[in-house]
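Taking it in order: structure first as structure tokens, then the write-up.
The values are calculated or read from the model by the stated rules, or taken from the named source; none is laboratory data. Given the structure is predicted, the values throughout are model-derived calculations rather than measurements. Side chains are part of the model used for accessible areas, which takes the heavy atoms of the whole protein and leaves out ligands, DNA and RNA. Shrake-Rupley method; radii C 1.70, N 1.55, O 1.52, S 1.80 Å.
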Amino acid sequence: MTFDDPGFAPHLSPPLTAVEQPIEQMGEMGVRMLLRRLREPASDPRRVLLEPRLIVRESVAPPGVNR
């Protein structure tokens, strides 16, 4: 299993399951938050949670399944 779903993950044997982060959303939110802090330096810090996506490939199996 891997994190960030690198381009090689689906091409390995077996293809690796991955947790994909919403990179574009992370960048957009980071810029928005930075601009807000520049405009309003005294504003409270914000915490933003973005949903990752699980991409299930052949490197994992349901519990109890032996390959």
Within the stretch 2-9, is even one residue assigned to a strand (DSSP E or B) and among the hydroxyl-bearing types (Ser, Thr, Tyr)?
yes
Quick check on the stretch 1-38: of everything there that is open to solvent by 50 Å² or more (accessible area, probe 1.4 Å) and of a type in the set (Val, Ile, Thr), which residue is nearest to Ala61 (Cα to Cα)?
Ile23
Please tell me if Leu16 is in a loop (DSSP other than H, G, I, E, B), at pLDDT 90 or above and under 19 Å from the mean Cα position of the chain (by Cα).
yes
Go through the stretch 39-57 residue by residue and tally those that are among the aliphatic types (A, V, I, L, M) and open to solvent by 60 Å² or more (accessible area, probe 1.4 Å).
4
